């Protein structure tokens, strides 16, 4: 399993609750190699100064780290990489006074993640409908599974570990440009309270 970071302080949660910072984190993570803030800015079609600012915030909480520097045309370029694969939020050490504010910020992060996935999912279905393609096993472009699982805690932990290993296995694979497609993947399991 990859490395996981537990965000405990209101400041850490506030920094990671910014949707653009999450996008920047994911861009570094999906690239799977060190990159400069400028390279990420170009990939995301954003202003380099804007990405640089958010990279500094991610560095301040240890989500990104400096990998190395290189001299390019007389300028020292800093290459960063993710220091974690995922993170979770721990609300237990947050005082009652700031808990609702912190929760509101993290709720926005969850909402933006779900909405981004939803928009991609719906957009791709719409494109398929517009092409009027019949669905076959050869051209199936996605799937959606929604079930309720009855699990003991130890079974949940095993399920989580197996899902994480499966996703990592496919993230680490490489394929020839033009032969492979990018598939957005969102997996969530939450215990009903």
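All conditions in (1) under 30 Å from residue 66 (Cβ atoms); (2) more than 21 Å from the chain's Cα centre (by Cα) hold for residue 92, with the sole exception of (1). Number of residues in the stretch 47-63 that are within 23 Å of residue 88 (Cβ to Cβ) and outside any helix (DSSP H, G or I) equals 3.
If only residues of the stretch 18-37 that are under 11 Å from residue 80 (Cα atoms) and over 12 Å from the mean Cα position of the chain (by Cα) are counted, the one that is modelled with the lowest pLDDT is 32. Each residue in the stretch 163-178 was checked for being without any contact (Cβ under 8 Å) to a residue 40 or more places away in the chain and either surrounded by 11 or more Cβ atoms within 10 Å (Cβ to Cβ) or under 16 Å from residue 192 (Cα atoms) (or both), and 3 of them qualify.
Within the stretch 144-160, track down each residue that is over 20 Å from residue 186 (Cβ atoms) and either in a loop (DSSP other than H, G, I, E, B) or touching a helix residue (DSSP H, G or I) at 6+ places or on another chain (Cβ under 9 Å) (or both).
Within the stretch 144-160, 150, 152 qualify.
Among residues of the stretch 33-54 that are exposed (fewer than 13 other Cβ atoms within 10 Å of the Cβ), those with a beta-carbon under 7 Å from a residue that is in a helix (DSSP H, G or I) at least six positions away or on a different chain give the pairs 47/41. Filtered by the rule that a residue be under 20 Å from residue 101 (Cβ atoms) and buried (at least 17 other Cβ atoms within 10 Å of the Cβ), the stretch 15-32 gives 15, 16, 17, 18, 21, 22.
For residue 26, the conditions (1) closer than 26 Å to residue 164 by Cβ; (2) in contact with a helix residue (DSSP H, G or I) (Cβ under 6 Å, 6 or more places away or on another chain); (3) free of Cβ contacts under 8 Å to residues at least 24 places away in the same chain all hold with the exception of (2). The strands (runs of 3 or more DSSP E) falling completely within the stretch 64-118 that include 3 or more residues that are in contact with a strand residue (DSSP E or B) (Cβ under 6 Å, 6 or more places away or on another chain), modelled with pLDDT of 80 or more and more than 18 Å from residue 39 (Cβ to Cβ) map to 86-89. The residues in the stretch 119-134 that are assigned to a loop (DSSP other than H, G, I, E, B) and either at pLDDT 90 or above or under 21 Å from the mean Cα position of the chain (by Cα) (or both) can be counted, and the count is 0. When each of 188, 137, 141 is tested for being surrounded by 12 or more Cβ atoms within 10 Å (Cβ to Cβ), part of a loop (DSSP other than H, G, I, E, B) and without any contact (Cβ under 8 Å) to a residue 60 or more places away in the chain, the lone residue that passes is 141.
The values are calculated or read from the model by the stated rules, or taken from the named source; none is laboratory data. Note that the coordinates shown come from a computational prediction; the quantities given were computed from them, not determined experimentally. Please note: Cβ atoms are built from the backbone with ideal geometry, for glycine as well, and neighbour counts cover all protein chains shown.
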